[in-house]
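The structure appears right after this line, and notes come after that.
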Amino acid sequence: MENKQYPFYIDPKLCKKCGLCIAFCPTKVYITGEDDLPKIEHPEKCISCKMCFYRCPDFAIRLKPEVA
Amino acid sequence: MQGIPDSYSDYIAWEQLPHLWCAGCGHGIILKGIILALGELDIPPHKALLATGIGCSGRAGDYIACHRFQGTHGRTLAFATGIAAAQPDLTIIAFMGDGDAGAIGGNHLIHAARRNINITAVISNNFNYGMTGGQFSPLTPENSITSTSRSGKSESIMDICSIAAEAGANYVAKTTVYHVRELHKFLKEAISTKGFSLVEVISPCPTYYGRYNKIGNSPEMLNWLKETALPLEKFQSLSHEEKQKFFWRGKLVQRSREDFLNKYKKQQSAMK
Amino acid sequence: MKDMFIQGNEACALGAINAGARFFAGYPISPVNELSEFCSRELPKLGGIFIQMEDEIGGLAAVIGASLGGMKAFTATSGPGFSLMQENLGFAVMAEVPCVLISVQRYGLCTGVATKPGQQDIMQARWGTHGDHPIIALVPSTVQECFDLTVQAFNLSERFSSPVLVLTDAALAHLRERVIIKDEGELNIINRKTPSVSPEEYLPYSPDVNGIPTLAPYGGRHILRVTGLFHDERGFSTSNPEKCRKLLERLHSKILNHQKELPPPKYYGKDGAEIILISYGISARSAREAAERGIKKGINMGMINLQTVWPFPEEHIMNLCDQAEKIFVVELNMGQITGEVQKIFKGKAEVMPILRYDTNVITPSEILDKIESVVK
Ligand code: SF4
Ligand code: SF4
Ligand code: SF4
């Protein structure tokens, strides 16, 4: 079942650009975007595994603001 | 697949973020794991206490909205022993670094485990003292390069899990921040265990350990942990020499010895 | 109220328990053991807890933890253990944790002579932990005062949200005297304040008008944040210079502005005496006896028996020594309080030490001889 909460929202004020979300997303939803911030390039590929959320050390990956 | 607990945000002091940890530092991943475990176990912020030591991991208390205690270096478990005695219904998580728990606090750790105090110790093991510039700790692997072992650490590694298990802890497990699902499972089990429990989490310090040992940045360090942390049984089947190149992960102990306070109260009321 | 014949160690323990203490953690050391053993027997009967920790560092740490959990808590130790406790004593001052530490001074430096008395840890009590800090230290000289001042120590610690020291010594700890022990209900007991604001508005380190914070115990809806780092009113760490300075000043002023509430010295002898003896603890007993003998011999003298050594009761001493020409300070060390007295008189009166530091207590004759040799 598709969950509209995912993929997440990335808070640019909290992200430290460590690249963990980009490196370990199993379906490569993220790419390195402007200023090295992760960019959600392929939202349709997200399988809601939440690995990016769990591994983000900076509390920067959040549920989408409109949903949260 | 489980969702993220609705209460997730309630545990975080959002106004304090961003935190002071470096990009890719593992402390935040473990702290988030603790928060998620508390949320999933329905332990509200005011029924939880995060007790920390000194060093980078010691700052964790600055970012949470539950009760917070930060003591002197290494003494976290001794302080927490008193807190646990006064507030038996409080969930106490002692979040410590490898130097804090293994070196200066080693004695307190042995005795908190032996007494079986109702605390969950979570050790963020990043193989060095990050705050002071990357010196080796007892938990640093032998031959590692650190700021105080430029030609390799001469001392051998200390297995803090085995020590806690021998001392009498009710629950002991070890994993890495790469293995987040296992981390969350262990944290939940440890917090649910009455008595002393310990979860050691190998975690990247890209700023010092990763750089000194040419492992690389945080994603590269997580890949390294993915390759080098073997399930306990597999690790145990290795030769002594091979073991030096790997870490183990898994559950070492799970039992239900009576915790200190219960036993003490029972014995004392029998005396009256 | 009970009439008892007990030793100093037991009187301290009873004082703590009757003041409401229900938690003791410590580590075995001479000459304190009767005190800890007493607690291990008596506390559980009252629903309290005794924990023998792995060392003195852990002992004071557990006490601080229990206090933050809402219990009145204390520890007791002696020289080497007191050294180990300095680390967490500083923590208790910084984090403003009410608790009581009884140090039964033994003949010191290093492991010293474990069974003999001394008063060599007076300056350690003042300055043993690093960093500028205030401290309250009380000094009983009789078994009755062991009880009374330990009760007061708890009251002051709860009142000021601060650790309080009680300094006895190996001789007083083992001395047996008749004492009146008041029960908890008969004593005037002070308990720490509880928050008067809602959990949402609560700031643990926001001081009241007296400069004292309100620490809600862990586990309640009022979230308590405690750290040994410099912190803001919420209990989050800070390095903001203004906040650091203000906190450090408040830690001092909350006590120094209320010095009048600390136990004042007792005075024996003639008002406006020309010769004054100042002493405390076990030495005060001999000093008082010496003063009485001196007065009988016609010497115009008096004796100040300190009850509080820190903060140093400068004003009381100045007032009592109004007419003094010669002041003698009697103590079992190389002049630790003598220096303090010299500092406040700065040539206005002659201040001379009468010291002993050979493991024995000082005798009244020794004191009187010294005075007579100077006064003639
Ligand atoms: S939830 Fe899983 S699949 Fe979706 S973006 Fe995150 S890591 Fe990728
Ligand atoms: S894991 Fe978090 S901090 Fe790291 S790049 Fe992704 S969003 Fe940013
Ligand atoms: S120095 Fe190391 S341990 Fe400290 S915050 Fe940076 S990465 Fe983390």
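The mean accessible area for residues of segment B:17-142, using a 1.4 Å probe and ignoring ligands and nucleic acids, is 20 Å² per residue. With each label modelled as a point 7 angstrom along the Cα→C-beta vector, the residue C:271-residue B:20 pair spans 5.8 nm. Residues of segment B:174-200 with an amide N closer than 17 Å to a point placed 7 Å from the Cα of residue B:262 along the Cα-to-Cβ direction: B:189-198.
Database remark: amide H of residue B:200 closer than 5 angstrom to the amide H of B:123, B:173, B:174, B:175 (H placed geometrically; neighbours at sequence offset of 5 or more, or on other chains; Pro and chain starts carry no H). Against the longest principal axis of chain C, how steep is helix C:143-160, in degrees 0 to 90 to the nearest 10, with axes from Cα atoms? Its long axis makes an angle of about 40 degrees. Rounded to the nearest 0.05, the FRET efficiency derived from the C-beta distance between residue C:221 and residue C:373 at R0 = 51 Å is 0.15.
Using the beta-carbon distance between residue C:248 and residue B:242 and R0 = 56 Å, what value does 1/(1 + (r/R0)^6) give for FRET efficiency, to the nearest 0.05? That pair, residue C:248 with residue B:242, gives E of 0.55. The apolar share of the surface of the protein assembly as shown, taken as the fraction of accessible area on carbon and sulfur atoms (1.4 Å probe, ligands and nucleic acids excluded), comes to 52 percent. Structure remark: mean-square fluctuation, Gaussian network model of chain C, C-alpha springs under 10 Å; the largest value among C:162, C:198, C:36 belongs to C:198. Within segment B:9-270, the ratio Rg/Rh, alpha carbon atoms throughout and Rh by Kirkwood, equals 0.96. Comparing C:220, C:69, C:118 in a Gaussian network model of chain C, where Cα atoms under 10 Å apart are tied by springs, the biggest mean-square fluctuation is seen for C:220.
The distance between label points at residue C:2 and residue C:178 comes to 1.7 nm (points 7 Å beyond Cα on the Cα→Cβ vector). Helical runs assigned H by DSSP (4 residues or longer) give chain B a calculated mean residue ellipticity at 222 nm of -9500 deg cm²/dmol, each run adding -39500 (n - 2.57) before division by the residue total.
3J(HN,Hα) along segment B:98-108: 5, x, 4, 7, x, 9, 5, x, x, 5, 5 Hz, from the Karplus curve 6.51 cos²θ - 1.76 cosθ + 1.60 with θ = phi - 60°, whole Hz, x for Gly and Pro. For segment A:8-62, the fraction of C-alpha pairs more than 13 angstrom apart is 51%. Both radii come from the Cα set of the protein assembly as shown: Rg as radius of gyration, Rh as Kirkwood radius; their ratio Rg/Rh reads 1.05.
Does anyone have the angle between helix C:241-256 and the longest principal axis of chain C? Alpha-carbon axes, 0 to 90°, nearest 10? Orientation of helix C:241-256: about 50 degrees from the principal axis.
Shown is the FRET efficiency for residue B:150 and residue C:115, computed with R0 = 56 Å from the Cβ-Cβ distance and rounded to the nearest 0.05: 0.65. Label separation (residue A:41 vs residue C:33): 7.4 nm, computed from points 7 Å beyond Cα along the C-beta direction.
Counting only alpha carbon atoms, the long axis of helix C:56-68 and the longest principal axis of chain C meet at about 60°. Using the Karplus relation 6.51 cos²θ - 1.76 cosθ + 1.60 with θ = phi - 60°, the per-residue 3J(HN,Hα) values for segment C:331-346 come to 7, 9, 6, 8, x, 5, 7, 3, x, 5, 5, 4, 4, 7, 8, 5 Hz, with x marking Gly and Pro.
On full extension, the segment bounded by residue B:132 and residue B:162 gains 8.1 nm, given 0.36 nm per residue less the C-alpha separation. In segment C:265-375, the C-alpha radius of gyration followed by the widest Cα-Cα span (Dmax) gives 12.4, 35 angstrom.
The values are calculated or read from the model by the stated rules, or taken from the named source; none is laboratory data. These numbers come from a predicted model, not from an experiment. No Cβ is skipped: glycine too gets one built from the backbone with ideal geometry, and neighbour counts run over all protein chains shown. With ligands, DNA and RNA removed, areas are computed over all heavy atoms of the protein, side chains included. Shrake-Rupley method; radii C 1.70, N 1.55, O 1.52, S 1.80 Å.
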